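A.B. asks: Dropping the structure in here first, questions after.
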Amino acid sequence: MSQYLHKGHSAGPQYRPDIDGLRAIAVMAVMFFHAFPAALPGGYVGVDVFFVISGYLITNIILEDHDRGRFSLASFYGRRIRRIFPALALVLLTCLILGWHVLLTNEYAQLGLHVTAGAGFFSNVALWKESGYFDTASQLKPLLHLWSLGIEEQFYIVWPCIIWIVSKLKAQLRFVALWIFGASFAWNVLTLSHDTASAFYLPDGRAWELGVGACLAIFTRKPTDGRLAFLQAHRNGLSVAGLSLLIVAMGFLSEASAFPGAWALLPTLGAAFLIASDGAWINKNLLAGRVLVIIGLISYPLYLWHWPLLSLGRILENGELSLYSRWGLLCLAVLLAALTHLFVERPLRHRGRRVTVTLVIIMAVVAGMGWNVYSRDGLEFRYRKIIELPLQMKRDFTRWEDKGMYPVGVCSPDFVYPGARLCVQSKADTPASTIVFGDSHAFHAYWGIAKAFANDNRVVKLVGRGGCTFALFGGDQDCRQTFDSQLDWIAKNSDVKTVILVHRLVIRDESAIDEKTEYQSRLEAAIAQLTQQGKQVIYYYPVPELGYNPRLCTDKLPWGRKADGSKCNFQLARELGLQRLERELVSDWLKQFPNLQVFDPAPFLCPRGQCLVSREGQVLWMDDNHITETASYMLGEAMARSLQLK
C-alpha cells in the first residue's frame, strides 16, 4: 500500500506491473466494502492483500541493497518518508480544514487526536484504546482507515533492523523469519478468542501478514533450479488458486467473521500465490492490464482519500448516504488521488535529504496542529457566536472518564478490578455498603446514585468494565473472567449489603433467542448467588437510547450539518417495544426472587410517554445511548425515593 517500484528504480528489483494490478484489486475491494458493504461483504480483506505486497516488496528492496553492500537505515527510512509523507500530510491537513467547518466540538477533538496519531503512525494503537465504551461509531471517524498504515510503518521500523542484525550475526534469515511470523500468527489466533480489538489493531498479531510477503521474498529471491522450475511449471495453477482465494475471501467473509485469525489466510495466501506466479496468464493479461495498473499506481492516495470523504459525507447526512452520493464521493476520491499522485507524490519521490527533512518538519507541524485541536476540546470558540451552551450542558457533554473516573478515582485497596481500568468510590478508606455493578451504563448511573446517598452512611462503589456487556459475552473470555471474578468478590464481601445491577440493553428481538438464553441463565445465576449471600439486589432497567448525537439537537449547527428533528425526541412506546424481551425476563425474575427490587428510569426520562433530548434547558443524553450527569442525578434521586432507600 505504501510503496511502488518503477522501471529503472535503482532501489529494488525490476518493476512488475501485475503487482500494481493486484494493488488495484485490493484498493477497489476496500472502497466498495466501505461504500457498499452488502455488495462486497469481505472487501475489507483488501487491506490484508496490501500487507502481503508491502512485506514482499520492502523485503526485496532491503535484501537487494544488502547484496550490493549499500544498505543504510537512514537511506531506507528517507525513501519511506518521501514515499509516504506527502500524500498523508495533505490528507490530514484537508481533514483538519474540513473538520473546522463541519464537525462539532467532540467530533473535532477526536479528529485532532486521530490526526496526531496518523502523523505519528500509531493510529492502530489509538483506535485500539478507543475500542471500548463510549466509542464513536466507526463510520463517523474520518481517519479510521489509518490503522493499517500504522501497522505497516511499525513493521518498516522493526523489520529492517531485524534483517540488519541477522546479517551481522550471519544467521539464516529464512529460519528467523519463519519463527517470528509463525509466532505472530499463533498469537493472533489465540488473542482473537478473547480480545478481538487487540487481535485486529495491534502489530504483534498482524505482523505475520506482512511476514507472508517477506517470507515469499526470502524464499524466491534466489531460488534453486528445482524450485525455479517448480514455480514456472505451476505458475498458472498458482495464479488461479490465488485469485480464487481472494474471490472467496471477498465474497464470503463478512464483518461477522472471526477476523483476522485463521480466516486471514485466505487473502494473504491468495496474494502470495499471485505474486509468486510471475508470468502466469492471469498476471500478464488481467493484473498487468492498463486500467488496473493505472489504478494501482494511485492506490496509496486513493486509499487515503476515499474513507475521509465517505465518513465526512455520512456525518453531514447524519449517518447514511444515498447511492448517488456514494458513487460521487468515490469518483471524487479517484480524481483527488490522481492529482495527488501527479502533483504531490511524483515530484517529491526521488528528491534528496533536504526534501526529506522538510517533510518530517511538515508532518511534525501537522501532528502538533492535531494535538492542539484535541487538547483544546475541539476548539469550541469556532462556534461561540453560533452555539452558546450553558456551563452545565458543557459539563453534561463531557465524557465520564474526564469527570474524574478514569483511570483511577478514590477506592479502597481491597479489590483490584481484573481487566478493568477504573476504580471509583464515593468515600475513601471506608468499606462500601452499596455496589453499582455493570458495564458503561453502570458508570453513568453511578454518579447519581452516589450523590443521592451522599448524606447517608452508605458508601457507594462502582464495579464494572466498560464495553463488557453485562452477563453476555459471546467469545470474549477475558470479559467473562472479569465478570465472574467481580461477581465472586461482591458476593463474598460481607460489607456489601446492596447490589445495583445496571447494563445496556442487549436483548432486542426474537432473533436474539440464543443470546437471550445465555443472558437469562447467567443473570439468574448472578442474582441467585447474590441473594444467597444475603445481598439486597436492585435491577436497574436499561435506559431508553436516543440513537442519535444529542449535540445535533441543542442549537444551531455548523455549516452543512443537518438535524432531523424527529430523532431529537421519540415515543417511549418505541423503546418499550425494544425492551419487550428484557421486561418479560424481569417479570420472571420477580417471581423467582421475591426480594428482588426493580427501578425503571423510563418514566422519569420520558414523562407522559415522550422522551426528549433536553428538558427545561437540561440535556439528558450525553451521546446516542449514555445519559448525562444531570440525568444521572435526577434518576439517582428518583431511585432512592421510589425504592425508599434513603
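The values are calculated or read from the model by the stated rules, or taken from the named source; none is laboratory data. These numbers come from a predicted model, not from an experiment. Reconstructed Cβ throughout: ideal geometry from the backbone, glycine too, with neighbour counts over all protein chains shown. In case anyone asks, the SASA skips ligands and DNA or RNA and just uses the protein heavy atoms, side chains included. Shrake-Rupley method; radii C 1.70, N 1.55, O 1.52, S 1.80 Å.
A.B. asks: Taking only the stretch 240-260 into account, find how many residues are modelled with pLDDT under 95 and more than 26 Å from the chain's Cα centre (by Cα).
C.D. replies: Number satisfying all stated conditions: 0.
A.B. asks: Out of all the residues in the stretch 249-273, which are part of a helix (DSSP H, G or I) and either touching an Asp or Glu at 6+ places or on another chain (Cβ under 6 Å) or free of Cβ contacts under 8 Å to residues at least 60 places away in the same chain (or both)?
C.D. replies: Matches in the stretch 249-273: 263, 264, 265, 267, 268, 269, 273.
A.B. asks: Now for a different question. Cβ contacts < 8 Å: first residue touching a residue at least 60 places away in the same chain (Cβ under 8 Å) and open to solvent by less than 30 Å² (accessible area, probe 1.4 Å), restricted to the stretch 276-293; second residue part of a loop (DSSP other than H, G, I, E, B) and not charged (D, E, K, R), any location; separation 6+ or different chain. Result?
C.D. replies: Listed pairs, sorted by first residue: 283/277.
For every residue, the table says whether it meets (1) in a helix (DSSP H, G or I); (2) of a type outside the set (Asp, Glu); (3) surrounded by 22 or more Cβ atoms within 10 Å (Cβ to Cβ).
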position	(1), (2), (3)
179	yes, yes, no
206	yes, yes, yes
209	yes, no, yes
231	yes, yes, no
239	yes, yes, yes
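A.B. asks: Just the residues that are open to solvent by 10 Å² or more (accessible area, probe 1.4 Å) and over 20 Å from residue 516 (Cβ atoms), please, taken from the stretch 578-599.
C.D. replies: From the stretch 578-599, those open to solvent by 10 Å² or more (accessible area, probe 1.4 Å) are 578, 580, 583-584, 587-588, 590-598; that's our starting set.
594, 595, 597, listed by residue number.
A.B. asks: Could you please let me know if residue 112 is modelled with pLDDT of 95 or more and among the small types (Gly, Ala, Ser)?
C.D. replies: The answer is yes for residue 112.
A.B. asks: Another question about this same structure. Would you check if there is a residue in the stretch 181-201 being in contact with a helix residue (DSSP H, G or I) (Cβ under 9 Å, 6 or more places away or on another chain), at pLDDT below 95, surrounded by 15 or more Cβ atoms within 10 Å (Cβ to Cβ) and not in a helix (DSSP H, G or I)?
C.D. replies: Scanning the stretch 181-201 turns up at least one residue that is in contact with a helix residue (DSSP H, G or I) (Cβ under 9 Å, 6 or more places away or on another chain), at pLDDT below 95, surrounded by 15 or more Cβ atoms within 10 Å (Cβ to Cβ) and not in a helix (DSSP H, G or I).
A.B. asks: Does at least one position in the stretch 114-122 carry a residue that is in contact with a Leu (Cβ under 8 Å, 6 or more places away or on another chain), over 29 Å from residue 271 (Cα atoms) and part of a helix (DSSP H, G or I)?
C.D. replies: There is at least one residue in the stretch 114-122 that is in contact with a Leu (Cβ under 8 Å, 6 or more places away or on another chain), over 29 Å from residue 271 (Cα atoms) and part of a helix (DSSP H, G or I).
A.B. asks: Would you mind telling me which numbered condition in (1) in contact with a Cys (Cβ under 8 Å, 6 or more places away or on another chain); (2) part of a helix (DSSP H, G or I) residue 142 fails?
C.D. replies: Evaluating residue 142 over (1) in contact with a Cys (Cβ under 8 Å, 6 or more places away or on another chain); (2) part of a helix (DSSP H, G or I) leaves (2) as the failure.
A.B. asks: With the condition kept exactly as written, say whether any residue in the stretch 75-85 is at pLDDT 90 or above, among the aliphatic types (A, V, I, L, M), under 20 Å from the mean Cα position of the chain (by Cα) and part of a helix (DSSP H, G or I).
C.D. replies: Scanning the stretch 75-85, I find no residue that is at pLDDT 90 or above, among the aliphatic types (A, V, I, L, M), under 20 Å from the mean Cα position of the chain (by Cα) and part of a helix (DSSP H, G or I), so the answer is no.
A.B. asks: Cβ-Cβ distance below 8 Å, separation of 6 or more or different chains: which pairs start in the stretch 107-124 with a residue that is in contact (Cβ under 8 Å) with a residue 40 or more places away in the chain and of a type in the set (Asp, Glu) and end on one that is in a loop (DSSP other than H, G, I, E, B) and open to solvent by 10 Å² or more (accessible area, probe 1.4 Å)?
C.D. replies: Pairs found: 107/136.
A.B. asks: Additional query: Applying the selection to the stretch 607-638, what residues are part of a strand (DSSP E or B), among the aliphatic types (A, V, I, L, M) and open to solvent by 10 Å² or more (accessible area, probe 1.4 Å)?
C.D. replies: Matches in the stretch 607-638: 612 only.
A.B. asks: What number of residues within the stretch 274-298 satisfy the criterion of being of a type outside the set (A, V, I, L, M, F, W, C) and part of a helix (DSSP H, G or I)?
C.D. replies: The qualifying residues number 5.
A.B. asks: Please go through the stretch 250-271 and give me each residue that is of a type in the set (A, V, I, L, M), crowded, with 24+ Cβ neighbours inside 10 Å and closer than 19 Å to residue 234 by Cα, ordered by number.
C.D. replies: Scanning the stretch 250-271 gives a single hit, 271.
A.B. asks: Provide a single number: the residues in the stretch 476-521 that are buried (at least 18 other Cβ atoms within 10 Å of the Cβ), at pLDDT 75 or above and among the charged types (D, E, K, R).
C.D. replies: 1
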